[in-house]
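Here the structure comes first, spelled out in structure tokens, and everything after it is commentary.
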Amino acid sequence: MHWEVLQREVVYQGFFRLERYHLRHQLFAGGWSDTITREMFERGHAVAVLPYDPVRDAVVMLEQFRPGGLDAPGGPWLREFPAGMIEDGEALEDVVQREMLEEAGITPTRLEYITRCWVSPGGTTESLFLYYAEVDSAHVGGLFGLEHEQEDIRVSVVPREEAMLMLQQGLICSAAPMILMQWLALNHARLRSSL
């Protein structure tokens, strides 16, 4: 199957960018589609990381205000994990380490790549590179974030079972943490097997 981008134009350029795509693609039934016009949110690509302490069987969680979550069940202070945008030329694992330090004050002892997923491919080109980070959570917690990015982040260590209950109750309701918690549910026995 093939596709063609016939034209791209910038509709808006500010902190983010909105582009209008004119494209067409091959059809499952044969032939080509008519020209399709779609506006796409061009945000860039990001990493999100699950900090897990297999010794304590606990995750390191962040809480921060998210204006997109005004209608979230518990309000716009969402429970998340460290995440951040990838700058041009930056190695993925460097972004993971930078964001973990800036947002939670922790350094991983081991990293494992999980997968890449697209956030909402019908409206944005953004994708997430998901990672697992093994951490020692003994002295983790407090307030973090970069002042110039207006971040106000509360960090806490949450037992895995409690975090899973939060997921089941809908209190973890942002996509990346939901995916990472489900990955942990499938992999925590393996992660703890060497203890």
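Some observations on this one:
- Across region 115-161, the number of residues qualifying as surrounded by 13 or more Cβ atoms within 10 Å (Cβ to Cβ) and either of a type in the set (Gly, Ala, Ser) or within 30 Å of residue 19 (Cα to Cα) (or both) comes to 16.
- Matching residues, region 61-87, being assigned to a loop (DSSP other than H, G, I, E, B) and crowded, with 16+ Cβ neighbours inside 10 Å: 72, 81, 82, 86
- Tally, over region 153-170, of residues that are within 21 Å of residue 68 (Cβ to Cβ) and out of contact with any strand residue (DSSP E or B) (no Cβ under 6 Å at 6 or more places or on another chain): 4
- Residue match in region 88-102 (condition: touching a residue at least 40 places away in the same chain (Cβ under 8 Å), open to solvent by less than 40 Å² (accessible area, probe 1.4 Å), among the β-branched types (Val, Ile, Thr) and assigned to a loop (DSSP other than H, G, I, E, B)): no
- The residues of region 41-60 that are of a type outside the set (Phe, Trp, Tyr), in a strand (DSSP E or B) and at pLDDT 95 or above, listed by number, are 46, 47, 48, 49, 50, 51, 53, 58, 59, 60.
- Check on residue 52, touching a residue at least 12 places away in the same chain (Cβ under 8 Å) and under 22 Å from residue 134 (Cα atoms): yes
- Residue 34 satisfies every condition listed in (1) under 30 Å from residue 192 (Cβ atoms); (2) open to solvent by 70 Å² or more (accessible area, probe 1.4 Å); (3) charged (D, E, K, R) except (1).
- Only one of the listed residues (172, 179) is β-branched (Val, Ile, Thr), surrounded by 13 or more Cβ atoms within 10 Å (Cβ to Cβ) and not in a loop (DSSP other than H, G, I, E, B). That residue is 179.
- Identity of the residue in region 1-34, free of Cβ contacts under 8 Å to residues at least 24 places away in the same chain and β-branched (Val, Ile, Thr), that ends up farthest from residue 121 (Cα to Cα): 10
- Lone unmet requirement of (1) assigned to a loop (DSSP other than H, G, I, E, B); (2) over 17 Å from the mean Cα position of the chain (by Cα); (3) modelled with pLDDT under 95 for residue 151: (2)
The values are calculated or read from the model by the stated rules, or taken from the named source; none is laboratory data. Quick caveat: nothing in here was measured; it's all calculated off a predicted structure. Heads up, the Cβs are rebuilt from the backbone with ideal geometry, glycines too, and the neighbour counts pull from every protein chain shown. All accessible areas refer to the heavy atoms of the entire protein, side chains included, with ligands and DNA or RNA removed. Shrake-Rupley method; radii C 1.70, N 1.55, O 1.52, S 1.80 Å.
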